[in-house]
Amino acid sequence: MSLFGEPPATLSTTQKVATGIGWTGVFILVLALFNLQLPSVFLYSAIGLIGLGVIIFANDLYLGKSAGVKNDGIWFRSMTARGGVAWGTGIILTLFYIVLYWFPQYLGYNPDGANSGLIALFDPLSRLISGHAASQWFVYGTLYTLAILAFGYKFLLKYRHNKYEVLRTWSVMFFQLGFAFLIPEILMRLNQPYFNPVNIWPLNYDLFAGYKLSEFFSGGNIGLLMLFFGIASIFVITPILTYFYGKRWYCSWVCGCGGLAETAGDSYRHLSDKSRATWKFERYIIHTVLVLVVVMTIAVVYSFLNENPDRFWLDKNVFLLGSAAFLVLLFGLIWLFKRHRLAKDAKKGAIISLSIVLAIIAAFYFSGMTYGYLLRQWYGFLIGAAFSGVIGVGFYPIFGNRVWCRFGCPMAAVLGMQQRLFSKFRITTNGGQCISCGNCSTYCEMGIDVRAYAQKGENIVRSSCVGCGICSAVCPRGVLKLENGSLDGRINSDAVLLGNDVDLLDLIQQQKKATRKN
Amino acid sequence: MSTKEHVVIIGNGVAGITAARHIRRISDKKITVISAESDYFFSRTALMYVYMGHMKWEHLKPYEDWFWEENNIELKQAYVEKIEVSSKMLFLRGGEKMSYDQLILATGSVPRFLGWDGEELKGVQGLVSKQDLELLEENTRNCKSAVIVGGGLIGVELAEMLHTRKIPVTMLIREKAFWQNVLPIEDAQLISRHIESHGIVLKHETELKKINGTNGRLTSIETSSEEELTCVLLGISVGVKPNIGFLEGSEIETDRGILVDANLQTNLPNVYAIGDCAQHRQPTTGRKDIEAVWYTARMMGETVAQTICGRPFAYKPGHWFNSAKFFDIEYQTYGNVSANPGEAEQHFHWQHKDGEKAITIAFDPATFKFLGINAFGIRMRHEIFHRWLTEERDLEYVLSHLREANFDPEFYDRHEKEIFSSFKKNMINSHT
């Protein structure tokens, strides 16, 4: 029985019951850890209860109310405002990831025989789809997909008035269920290599790993097709789609990391750090990870070619020289045509990065050794598991839903460069209409200070912008629009705000140009 | 001993801060911004979102705290009690004095109270300042019902805020429909219906007559229709007035606001006034002498900065534009759409069957020149309407090119065809 005038900080009774239902489902999963050998009905009940809990919660929260922005109480509630519930959730998630990656035996994973524990519970479902017993990755994949579908439903209800958000959410739900979960499992059933077509290198850092390349080459034509598709995805399809639509085509419509962030992570998007200091850190760390993945990939491919010297037409040293040449060419093209878009420290960073990578390639060349296997292990541990998994998802309730995407993902770094340098995508700001309320910046999951652009009348063309569209959705005055347009004038740093005397505006624009730093 | 000119700005709202930023861009004068309300500039338009839990106070600050030092703009939290123009001296509460070379008054608005019996009771308040927001939190801690007087922009925001805390709200509206002193009747009725659909009780053509209280605290009010309504909170939103109380007795000429000429200068050299507190002696044709709007405050800040830095510019606002949000319906306006059009103005109105989207276009019936548009629930591109007004386009042009002006997110339903055919039907009907 709540008092009138209470800030909306507590859940309604229905929401509490729904939460209970969801946790009951989780409880069944926890129960399975104790090797109780529960029949498959428990698995399907667990999945069903978790889904049902989320659905009932979402219905109570969003249905029956007029469609529109639904952010009441976000900064009052414990779960969404870094309260005790959020910390608890974060700790549980982080522990789950640690166990998943580094202690799967506690989940019941047994590579040498029958599974036990939680993983055994999932055996029936795994056999149904792929014909194989489950692994910790199948359990993870199932729960991940369940999260995206259930929380996707919640998100669809919340933003049902916004067609862009609705279509985008259906898209990530489709790609997760179809491409990221079902297709790879079905491929296993057909005795083909495990392949998720929408997990693109460099996000999928294992695409060129030795064991994977062996799989592709022993997989007949399908294996070759997969490898070819993997290469085409990053070198052909990505630049083309990013040119037309910006990096949002991947980060907000296709990618599984993005899919979880936008659905289950929606409750945490406002927790991203908007400060200038964090943005400076972001630029350095994300490009460092890109350098690491490039070096690691070159190393593992070299190792693979080294171990199979007569199988392939590509000589290992030719590969090294080719990689170096490709990077120099890429750098050269950017320097020639787009260096005016690079900030001073970005230029320095680019030169230093290129030099480091070329030096490492030279070291590989002259020593004949790359430690490919070791590099891959370390990258997998630090970046693949710790950063992307443990920190990336475990820290949702405290640091926001896009920590990996913003600070680590090398795919994001590549897409971001393409977006900033030659994409038609931008977020247009609507003349002089911005009232500086701050909703856009608060709800930007990538920590972009959107308001800073809107209140100057400047378009937003930022490498980190994933085009989720939420800034536009929460803007109370219709100031922001995600759109694709001409490259000319899309970056308008000297914009002025419509509404004042035109001669004055001209003067102000000249003054802006004159005082432009670098 | 500094030889740099000292510009002092009283008021750290959007007017004062815009002036400060622009002055800093084009000069290295010493700039001090004084405010009694807050330590840093915050967006007043977002006060409601703090109450509703959408944002925290720190999110309201458009600039991070390092911005001021980095740009050499000094901030002083103090209340100016007196301005001595002869000695160019400000007297701050607490005894401190501050001298100025140029003074900009940007003190903003305060809520207007109409002198009701009982208006000083606890539980009666307006909503303009940070302190008002804090008071509202206190006043609504255990609030079983609220009454809001005044159907305008602050009123509807107050209603939305209270609604998020399940406080039953009744609004007393003087006009026949919501904000009908600004909106044409069909638009106002659409808004009234939408607000009512959220469970807010609207009493149109009703005014506040008396405020009752016990032990200094509000207990109920009496309306002009002789109805008594119990309430714990009485929100006053019948308008705002310039915050110039502190200028009483000074040589700065005031009327309802601080009187300024075309260059935003007061009767005294080196003293200027901008934003809500300024009253234009000779307002631009079609504009009010006091403009209490975010956008015009910002524009006056932009203008006065040039004058202060030696390049006198008159305040010459361009085509009128404004925006608001009534619960879930966004409103934008470009050009001039009168609430009660005279002979020289005719309206074309279209409404979507869901009642949440509408446009009203004003045009000259003799020439069909496009005069202005009110858009509800459909986002419109400022740049396009600004251009069409400058180019003096006619009604048919605007309607047939309406697609270009759409600013809705991608994949949204389009209504231009429906609007155009509705217009055609209207024209045919009106000619039979």
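Flag not set for residue B:390, criterion: away from chain A (no Cβ under 14 Å) and among the hydroxyl-bearing types (Ser, Thr, Tyr).
Got at least one residue in segment A:64-84 being away from chain B (no Cβ under 14 Å) and among the aliphatic types (A, V, I, L, M)? No, the conditions are met nowhere in segment A:64-84. Please pick out the residue among B:95, B:108, B:13 that is closer than 16 Å to residue B:301 by Cα and more than 11 Å from chain A (Cβ to nearest Cβ). None of the others qualify; the one that does is B:108. Filter segment B:203-240 down to the residues that are of a type in the set (A, V, I, L, M, F, W, C) and more than 22 Å from the chain's Cα centre (by Cα), then identify the one that is surrounded by the fewest Cβ atoms within 10 Å (Cβ to Cβ). Checking each candidate, the answer is B:229. Just one residue in the set A:278, A:263 is within 14 Å of chain B (Cβ to nearest Cβ), at pLDDT 95 or above, in contact with a Gly (Cβ under 8 Å, 6 or more places away or on another chain) and part of a helix (DSSP H, G or I); that residue is A:278.
For residue A:473, the conditions (1) more than 9 Å from every other protein chain (Cβ to nearest Cβ); (2) at pLDDT 95 or above; (3) out of contact with any strand residue (DSSP E or B) (no Cβ under 6 Å at 6 or more places or on another chain) all hold with the exception of (1).
Here segment A:427-459 is the region considered, the condition is being more than 13 Å from chain B (Cβ to nearest Cβ) and touching a strand residue (DSSP E or B) at 6+ places or on another chain (Cβ under 9 Å), and the residue that is surrounded by the most Cβ atoms within 10 Å (Cβ to Cβ) is A:448.
Residues in segment A:476-509 that are among the polar types (S, T, N, Q) and within 10 Å of chain B (Cβ to nearest Cβ) were compared, and the one that is farthest from residue A:167 (Cα to Cα) is A:500. Taken over segment A:233-266, the residue count meeting the criterion of being among the small types (Gly, Ala, Ser) and out of contact with any helix residue (DSSP H, G or I) (no Cβ under 9 Å at 6 or more places or on another chain) is 1.
Of the residues in segment B:352-360, at least one is more than 30 Å from residue B:278 (Cβ to Cβ) and without any contact (Cβ under 8 Å) to a residue 24 or more places away in the chain. When each of A:205, A:153, A:194 is tested for being surrounded by fewer than 17 Cβ atoms within 10 Å (Cβ to Cβ) and within 23 Å of residue A:138 (Cα to Cα), the lone residue that passes is A:194. Do you know which of the residues in segment B:190-216 that are without any contact (Cβ under 8 Å) to a residue 60 or more places away in the chain, part of a loop (DSSP other than H, G, I, E, B) and under 21 Å from residue B:161 (Cα atoms) is nearest to the other protein chains (Cβ to nearest Cβ)? Here the answer is B:199. Listed by position, the strands (runs of 3 or more DSSP E) inside segment B:238-347 whose residues that are touching a Cys at 6+ places or on another chain (Cβ under 8 Å) and at pLDDT 95 or above number at least 1 are B:240-242, B:258-260. Helices (runs of 4 or more DSSP H) fully within segment A:156-220 that include at least 1 residues being in contact with a Phe, Trp or Tyr (Cβ under 9 Å, 6 or more places away or on another chain) and not assigned by TED's automatic domain parsing to the domain that holds residue A:300: A:163-174, A:183-189. Just one residue in the set B:69, B:64, B:137, B:157 is within 14 Å of chain A (Cβ to nearest Cβ), buried (at least 19 other Cβ atoms within 10 Å of the Cβ) and modelled with pLDDT of 95 or more; that residue is B:157. Among the residues of segment B:96-113, those that are loosely packed, with under 15 Cβ neighbours inside 10 Å and either modelled with pLDDT under 95 or in a strand (DSSP E or B) (or both) comprise B:97, B:99.
Residues considered: B:181, B:142. Of these, the only one that is within 14 Å of chain A (Cβ to nearest Cβ), at negative phi, not aliphatic (A, V, I, L, M) and not in a strand (DSSP E or B) is B:142. Just to be sure, is residue B:120 surrounded by fewer than 22 Cβ atoms within 10 Å (Cβ to Cβ), more than 18 Å from the chain's Cα centre (by Cα), within 14 Å of chain A (Cβ to nearest Cβ) and outside any strand (DSSP E or B)? No; evaluated as a whole, the condition is false for this residue. When the helices (runs of 4 or more DSSP H) confined to segment A:8-120 are screened for residues that are crowded, with 18+ Cβ neighbours inside 10 Å and of a type in the set (Val, Ile, Thr), those reaching at least 3 such residues are found at A:40-62. Of the residues in segment B:325-345, at least one is surrounded by fewer than 20 Cβ atoms within 10 Å (Cβ to Cβ), more than 10 Å from chain A (Cβ to nearest Cβ), without any contact (Cβ under 8 Å) to a residue 40 or more places away in the chain and touching a strand residue (DSSP E or B) at 6+ places or on another chain (Cβ under 6 Å). Under the condition of being within 28 Å of residue A:271 (Cβ to Cβ) and surrounded by fewer than 17 Cβ atoms within 10 Å (Cβ to Cβ), the residues counted in segment A:354-397 number 2. Taking residue B:91, is it within 27 Å of residue B:327 (Cα to Cα) and of a type in the set (Phe, Trp, Tyr)? No: the conditions fail for residue B:91. Listed conditions (1) surrounded by fewer than 21 Cβ atoms within 10 Å (Cβ to Cβ); (2) within 26 Å of residue A:43 (Cα to Cα) are all met by residue A:161, apart from (2).
Close Cβ contacts (under 6 Å, 6 or more residues apart or on different chains) running from residues in segment A:74-85 that are closer than 14 Å to residue B:54 by Cα to residues that are hydroxyl-bearing (Ser, Thr, Tyr) comprise A:74/A:80; A:80/A:267.
The values are calculated or read from the model by the stated rules, or taken from the named source; none is laboratory data. Since the structure is predicted, the reported quantities are computational estimates derived from the model, not experimental observations. All Cβ positions, glycine included, derive from the backbone under ideal geometry; neighbour counts span all protein chains shown.
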